[in-house]
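The values are calculated or read from the model by the stated rules, or taken from the named source; none is laboratory data. The shown structure was predicted, so the numbers you read here are calculated from the model rather than taken from an experiment. Counting neighbours? That spans all protein chains shown, and the Cβs are built from the backbone with ideal geometry, glycine included.
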C-alpha cells in the first residue's frame, strides 16, 4: 500500500511539474505577442508625426499655400553670363536658370527688361510681375503695390514690374525662383498671396 501511495504521489508530482513547465513555456510567447501589439500603435503614431513634420517643413520651405503658384523645378543658382549675352530658356517667362551677372533695378519699368536680367532678380529673392497690354487702371494698381510692402534692409521692395510681350494680351504673370502664377486679369488678392509666399524667400540675401 505504501509503495502504491508513493507511486501515485510521484505520478501526481510529475504531472504538476509537466503542467508548470508547459505554462512557463507558453508565458513568454504571450508576453512577446502582447508587447508587440502594444508597440505597433506607438510605431504608427511616431511614423505619422514624422510625416506631418516633414510635410510642414517642405511646405514652409517651398512657400506652398493658397495661390502660391505652380512649382517648376530646375535652374542652378549662381550660373552667371556676361550682360548682353542671350540665353535660350525652356519656357517664358523663365523662373530660374542661367542669367546675366547683374540684375535689373527694382521697381516699375515702362520699357522691357530682358529675361537674362530678370532671372537674376529672382535669384535675389524677388518677384517679377510681367504684364502685356493691360488697362491703365490695372497698371496703376500694379504699380501701387510697390508702396504697400515694407522695404528690406537694403531699402528695396524686391518687386520688378515690366512690360512683356511673350504672354497673352491682358495677362499678368508672376514669377519667383522656381515658381509661376499666370493671371488672365488683375487680381490683387492673388498677387498679394503670391508675393507673401515668395518675396525674399530665395536664394541670395543681397540687394
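In the set 191, 161, which member is surrounded by 21 or more Cβ atoms within 10 Å (Cβ to Cβ), outside any helix (DSSP H, G or I) and touching a helix residue (DSSP H, G or I) at 6+ places or on another chain (Cβ under 9 Å)? I'd like the intermediate steps shown before the answer.
Details: 191 fails: outside any helix (DSSP H, G or I).
That would be 161, the only listed residue that is surrounded by 21 or more Cβ atoms within 10 Å (Cβ to Cβ), outside any helix (DSSP H, G or I) and touching a helix residue (DSSP H, G or I) at 6+ places or on another chain (Cβ under 9 Å).
Counting only residues that are closer than 11 Å to residue 176 by Cβ and in contact with a helix residue (DSSP H, G or I) (Cβ under 7 Å, 6 or more places away or on another chain), the range 97-133 holds 3 of them. Quick check on the range 164-176: of everything there that is surrounded by 15 or more Cβ atoms within 10 Å (Cβ to Cβ) and touching a residue at least 60 places away in the same chain (Cβ under 8 Å), which residue is farthest from residue 125 (Cα to Cα)? The qualifying residue farthest from residue 125 (Cα to Cα) is 167. Can you name the residue in the range 89-102 that is part of a loop (DSSP other than H, G, I, E, B) and modelled with pLDDT under 95 and is also nearest to the chain's Cα centre (by Cα) among such residues? In this case the residue turns out to be 96.
Quick one: would you say residue 144 is surrounded by 11 or more Cβ atoms within 10 Å (Cβ to Cβ), within 19 Å of residue 92 (Cα to Cα) and modelled with pLDDT of 95 or more?
Details: surrounded by 11 or more Cβ atoms within 10 Å (Cβ to Cβ): yes; within 19 Å of residue 92 (Cα to Cα): no; modelled with pLDDT of 95 or more: yes.
For residue 144, the condition - surrounded by 11 or more Cβ atoms within 10 Å (Cβ to Cβ), within 19 Å of residue 92 (Cα to Cα) and modelled with pLDDT of 95 or more - is not met.
If we scan the range 105-120, do we find a residue that is within 21 Å of residue 196 (Cβ to Cβ), loosely packed, with under 15 Cβ neighbours inside 10 Å and free of Cβ contacts under 8 Å to residues at least 60 places away in the same chain? Checked against the condition, which is being within 21 Å of residue 196 (Cβ to Cβ), loosely packed, with under 15 Cβ neighbours inside 10 Å and free of Cβ contacts under 8 Å to residues at least 60 places away in the same chain, the range 105-120 yields at least one hit.
Looking at this structure, is residue 94 within 19 Å of residue 202 (Cβ to Cβ) and surrounded by 13 or more Cβ atoms within 10 Å (Cβ to Cβ)?
On the way: within 19 Å of residue 202 (Cβ to Cβ): yes; surrounded by 13 or more Cβ atoms within 10 Å (Cβ to Cβ): yes.
Considered against the rule, which asks whether it is within 19 Å of residue 202 (Cβ to Cβ) and surrounded by 13 or more Cβ atoms within 10 Å (Cβ to Cβ), residue 94 comes out as yes.
Here is a check on your reading of the model: is residue 129 part of a helix (DSSP H, G or I), in contact (Cβ under 8 Å) with a residue 24 or more places away in the chain and within 20 Å of residue 69 (Cβ to Cβ)? Considered against the rule, which asks whether it is part of a helix (DSSP H, G or I), in contact (Cβ under 8 Å) with a residue 24 or more places away in the chain and within 20 Å of residue 69 (Cβ to Cβ), residue 129 comes out as no.
Could you identify the single residue in 173, 157, 206 that is closer than 14 Å to residue 106 by Cβ and modelled with pLDDT of 95 or more?
Numbers: 173 fails: closer than 14 Å to residue 106 by Cβ; 206 fails: modelled with pLDDT of 95 or more.
One residue alone meets the criteria, 157.
All conditions in (1) surrounded by fewer than 22 Cβ atoms within 10 Å (Cβ to Cβ); (2) at pLDDT 95 or above; (3) under 22 Å from residue 73 (Cβ atoms) hold for residue 179, with the sole exception of (1).
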